[in-house]
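K.L.:
First the structure, then my questions, so here it is.
None of the figures in this text is laboratory data; all of them are computed from the coordinates on show. What you see is a predicted model, and the numbers here were worked out from it, not measured in a lab. Because the Cβ atoms are built from the backbone with ideal geometry, glycine has one as well, and the counts that use them run over all protein chains shown.
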Amino acid sequence: MKALDQFNEQTLSEENAKKYLNEREFIDYLSIPAEDRRSQMLALLEKPIANFTVINELFFRSKWAELIHKLYGENPITLLEVASGDADMIPQAMACSNPGSVYIAANMNKLLNESLLSKTKDLDLKVILVDDDAINIKKHVGGKAADIIAFQHGVNDVVQAILCDQVGVDTIYSDWMETLPKMIEIMQNEVRQETLEQNVKPIFLGLIGYLLETLKEDGIIAINHYMFQLDLDWGYPAELFENFMPVVRKWLAELNLCKEIFIDHFDEQWWIFLKKNI
Ligand SMILES: C[S@@+](CC[C@H](N)C(=O)[O-])C[C@H]1O[C@@H](n2cnc3c(N)ncnc32)[C@H](O)[C@@H]1O
């Protein structure tokens, strides 16, 4: 697979770890021999993610902070994350790099929402949880509210939720991991029958259109993706999983409300950035 990013010694440094990890995580980091930190980082960059270590957290928090700094320096910002689940890389990064910011999550799954609130409760951020479909976001936070709208490994989940909805599989009250085998079966069928585009694209582009209304004029939609080994082991169609960004990029090209921009050091295989057409 194409590497997620170039290996960067600075990301792994003690100074960076101190900045982006909490006290307990930093102790954990220090307990990993330097050589193992390096091999864990290389595995993360070069293979589907199979292990969940503090090095993963360090990499993703640093990468999101790098993006926010490139765009807004250290100023407080408002960021809306769509389909966050209980993944907290972005709010953790923001609390370290842009304290005092506003973090909004639009997320539908009840159990993951509880977990996200618990993980973010002590951060130096204003956290707003919108327990609703992101398509309704404007009703909750208004227009032109966000500097960044982020999908942190969230596009595949949005696509899966759209398809589940079409066949009556609950993704709101269920345990996401228990539902995952069924979702994977649905994705396999979509690929086999070549129906993914017709079943998902109009709804997905509709969602992006609504989200653009909540984006500030000079804001950006930032989408990233990577692969989990577990999903592949459970039969997730590998070519689609690896190429989610190229597939979605083709759909997005049809939307005349926004245009794609490219940012140095953020690989096109794994990242998409959109600016509003104004
Ligand atoms: C597995 S979770 C976490 C995904 C996370 N971004 C990650 O790092 O993998 C997927 C979440 O996406 C949410 N989701 C999917 N489509 C959504 C939508 N249209 N609006 C809000 N949340 C959505 C689900 O409710 C669920 O909580």
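K.L.:
Can you tell me which residues in the range 105-126 are more than 10 Å from the ligand (Cβ to nearest atom) and surrounded by fewer than 19 Cβ atoms within 10 Å (Cβ to Cβ)? Spell out how you get there, then give the answer.
P.N.:
Filtering the range 105-126 for residues more than 10 Å from the ligand (Cβ to nearest atom) gives 114, 117-126.
Passing the criteria: 114, 117, 118, 119, 121, 122, 123, 124, 126.
K.L.:
If I filter the range 221-243 for residues that are assigned to a helix (DSSP H, G or I), surrounded by 13 or more Cβ atoms within 10 Å (Cβ to Cβ) and hydroxyl-bearing (Ser, Thr, Tyr), do I get at least one hit?
P.N.:
No.
K.L.:
What do you reckon, is residue 181 closer than 16 Å to residue 255 by Cβ and more than 18 Å from the chain's Cα centre (by Cα)?
P.N.:
no
K.L.:
Which residue out of 213, 268 is of a type in the set (Asp, Glu), surrounded by 14 or more Cβ atoms within 10 Å (Cβ to Cβ) and in contact with a Pro (Cβ under 9 Å, 6 or more places away or on another chain)? Explain how you work it out, then say what you get.
P.N.:
Numbers: 213 fails: in contact with a Pro (Cβ under 9 Å, 6 or more places away or on another chain).
Answer to the check: 268.
K.L.:
Collect the residues in the range 248-278 that are in contact (Cβ under 8 Å) with a residue 12 or more places away in the chain and in a helix (DSSP H, G or I), keeping them in residue-number order.
P.N.:
Hits for the range 248-278 are 248, 249, 251, 252.
K.L.:
In this structure, is residue 212 of a type in the set (A, V, I, L, M, F, W, C) and touching a helix residue (DSSP H, G or I) at 6+ places or on another chain (Cβ under 6 Å)?
P.N.:
Working: of a type in the set (A, V, I, L, M, F, W, C): yes; touching a helix residue (DSSP H, G or I) at 6+ places or on another chain (Cβ under 6 Å): no.
So residue 212 does not fit the description; no.
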